[in-house]
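Quick notes on the structure that follows.
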Amino acid sequence: PRTPYPGVAALLPCLGTAAVIWAQPTPNKLVLAATRPMIAVGLWSYSLYLWHWPVVSFATAIWGPPSSAMDKLGLLAACTALALASFYLVEQPARRAEWPVTARRLAASGAAALLIAVITIWSAGFPGRFSPQQQALAGFINYDHSGVYEEGTCFLSPGQTFEALQPSCLARGPGSNILLWGDSHAAHLVDGLKRAMPQATLRRATMAQCVPYLERGQSAACDEFNRRLPELLREHAPDIVILSGNWTRSVMAPAARADLFATIAAATAAGSRVVVIGPSPQFDRPLPHLLIASSRFGVDSDGHVPTMFFAVDAFLRDLLKSVPQTDYVSLLDLLCPDKHCVLQTADGAPLAWDDGHFTAQGSELAATRIVAASPALSSAGTISSIGEQGAAQSR
């Protein structure tokens, strides 16, 4: 996977091919018999190359990326069948046909192709073929999350440093003071937590691609960001520290566990109670795509959260159950009971705008349930029930 290609790595097969052509070998009958299947595939290969793009693209758009060997074999069989049909019914007859080619005909066919392309682009892909509900969902595909996540001020990009955090992000306010620390999976909770705990002060320190502990292989900016946590805790002494991140299997490594414990210990040593928010529901494709495919093609909307996240959730729950002054809140338990995930909020908005980051409506729904499930957070401020009222359990 790490080999750049094409590049120097492409030189060996190219030189080998050149050597075979230059030598002009005369293979015996046994060699011809052995290579005949490869020769046949070579003849069909261009048709196979052309067909695999639309087949795989449309299949992924409708059913999601192929995950099992049977899915992949099925796609290969479909591509092969279409390639053989076009090879024998279109390509070969076209090779034998005696069609006079003139500049006028070439210009006319090129102009027709260009006109079709221009009309399709100008019409934005003919959105009228979708229902109003599907068009509303499609509007979330280009969702602008920057304002909701406070991008560039309280939610830093990997190119920024801790000093870029605006003073307002860490300002002390009335009521319980709560510090939210983590990556984009912390930032996507900000809007909802503010609404769910209106009497508390939410202080935010989040950075993209930066889980809330010193994980090996993260950027230097992220390492520096996380190393500032003990100093920040001593200076601001929040009542509660919320840790949230894009938890993956990497947290199961012994070094990662030790670093996570160190982060929690720094918070509890400063007198803060810790609430760790588990993995968010993450889907095998952008959720608006899944919802449209479910509505338009009847695709089953269950089973699109990789099992890895449930395994990580169980691991973190068990890991943190006996850690002093620390609560663990399972978002998967709250949003995916029995692995049937909430996909839309009461107003029809998708829970997430991509494969796992909450919309403003999704953030409110998730945060309301988090606060209700956490004794520390529920006692920190008055719970608003706006996001919970009539939450749609759409699947």
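The values are calculated or read from the model by the stated rules, or taken from the named source; none is laboratory data. Note that the structure is predicted; figures quoted are calculated from it, not measured. Cβ sites come from the backbone with ideal geometry, for glycine too, and all protein chains shown count toward neighbours.
With respect to the stated conditions, Ser250 is among the hydroxyl-bearing types (Ser, Thr, Tyr), surrounded by fewer than 23 Cβ atoms within 10 Å (Cβ to Cβ) and under 30 Å from Trp353 (Cβ atoms).
A quick yes/no check of all residues on (1) more than 27 Å from the chain's Cα centre (by Cα); (2) assigned to a helix (DSSP H, G or I); (3) small (Gly, Ala, Ser); (4) modelled with pLDDT of 95 or more:
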position: Ile119; (1), (2), (3), (4): yes, yes, no, yes
position: Ala124; (1), (2), (3), (4): no, no, yes, no
position: Gly128; (1), (2), (3), (4): yes, yes, yes, no
position: Ile141; (1), (2), (3), (4): no, no, no, no
position: Thr153; (1), (2), (3), (4): no, no, no, yes
position: Pro158; (1), (2), (3), (4): no, no, no, no
position: Glu163; (1), (2), (3), (4): yes, yes, no, no
position: Gly173; (1), (2), (3), (4): yes, no, yes, no
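Counting only residues that are of a type in the set (Val, Ile, Thr) and out of contact with any Cys (no Cβ under 8 Å at 6 or more places or on another chain), which one in the range 147-183 is surrounded by the fewest Cβ atoms within 10 Å (Cβ to Cβ)? So that I can check it myself, show each step before the final result.
Going residue by residue through the range 147-183, those that are of a type in the set (Val, Ile, Thr) are 148, 153, 161, 178.
From the residues that got through so far, the ones that are out of contact with any Cys (no Cβ under 8 Å at 6 or more places or on another chain) too are 148, 161, 178.
Working: Val148: 20, Thr161: 13, Ile178: 25.
The residue in question is Thr161.
The set of residues in the range 95-110 that are loosely packed, with under 10 Cβ neighbours inside 10 Å and assigned to a helix (DSSP H, G or I) comprises Arg95, Arg96, Ala103, Arg104.
For the range 44-76, a residue qualifies if it is in contact with a Phe, Trp or Tyr (Cβ under 7 Å, 6 or more places away or on another chain) and either farther than 30 Å from Gly298 by Cα or in the same structural domain as Ala293 (by TED's automatic domain parsing) (or both), and the qualifying residues are Trp44, Ser47. Among helices (runs of 4 or more DSSP H) entirely within the range 276-339, having at least 3 residues that are farther than 30 Å from Ser131 by Cα and either of a type outside the set (Ser, Thr, Tyr) or at pLDDT 95 or above (or both) singles out 307-320, 331-335.
Regarding Phe155, is this residue touching a residue at least 60 places away in the same chain (Cβ under 8 Å) and touching a strand residue (DSSP E or B) at 6+ places or on another chain (Cβ under 6 Å)?
Working: touching a residue at least 60 places away in the same chain (Cβ under 8 Å): no; touching a strand residue (DSSP E or B) at 6+ places or on another chain (Cβ under 6 Å): yes.
No: the conditions fail for Phe155.
Report, by residue number, each residue of the range 231-262 that is of a type in the set (D, E, K, R), assigned to a helix (DSSP H, G or I) and over 23 Å from Phe315 (Cβ atoms). Steps first, answer last, please.
Within the range 231-262, the first condition is being of a type in the set (D, E, K, R), and the residues that meet it are 231, 234-235, 239, 249, 257, 259.
Of the ones still in play, those that are also assigned to a helix (DSSP H, G or I) are 231, 234-235, 249, 257, 259.
Result: Glu231, Arg234, Glu235.
For every residue, the table says whether it meets (1) closer than 25 Å to Gln325 by Cβ; (2) touching a Leu at 6+ places or on another chain (Cβ under 8 Å).
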{"residue": "Thr161", "(1), (2)": "no, no"}
{"residue": "Ser168", "(1), (2)": "no, no"}
{"residue": "Val190", "(1), (2)": "yes, yes"}
{"residue": "Arg204", "(1), (2)": "yes, yes"}
{"residue": "Val211", "(1), (2)": "yes, no"}
{"residue": "Glu224", "(1), (2)": "no, no"}
{"residue": "Arg228", "(1), (2)": "yes, no"}
{"residue": "Asn246", "(1), (2)": "yes, no"}
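From the list Leu290, Leu202, the lone residue that is buried (at least 21 other Cβ atoms within 10 Å of the Cβ), touching a residue at least 12 places away in the same chain (Cβ under 8 Å), out of contact with any Pro (no Cβ under 9 Å at 6 or more places or on another chain) and closer than 25 Å to Arg369 by Cβ is Leu202.
Those residues that are aliphatic (A, V, I, L, M) and touching a residue at least 40 places away in the same chain (Cβ under 8 Å), I need them from the range 293-327; list them, please. Quick ask: steps written out before the conclusion?
Of the residues in the range 293-327, the ones aliphatic (A, V, I, L, M) are 293, 299, 305, 308, 311-312, 314, 316, 319-320, 323.
The answer is Ala293, Val299, Met308, Ala311, Val312, Leu316, Leu319, Leu320, Val323.
Of the residues making up the range 41-54, those that are surrounded by fewer than 17 Cβ atoms within 10 Å (Cβ to Cβ) and under 26 Å from Ser295 (Cα atoms) are Trp53, Pro54. For the range 65-88, check the following and say yes or no: at least one residue is more than 32 Å from the chain's Cα centre (by Cα) and exposed (fewer than 10 other Cβ atoms within 10 Å of the Cβ). No: the range 65-88 contains no residue that is more than 32 Å from the chain's Cα centre (by Cα) and exposed (fewer than 10 other Cβ atoms within 10 Å of the Cβ).
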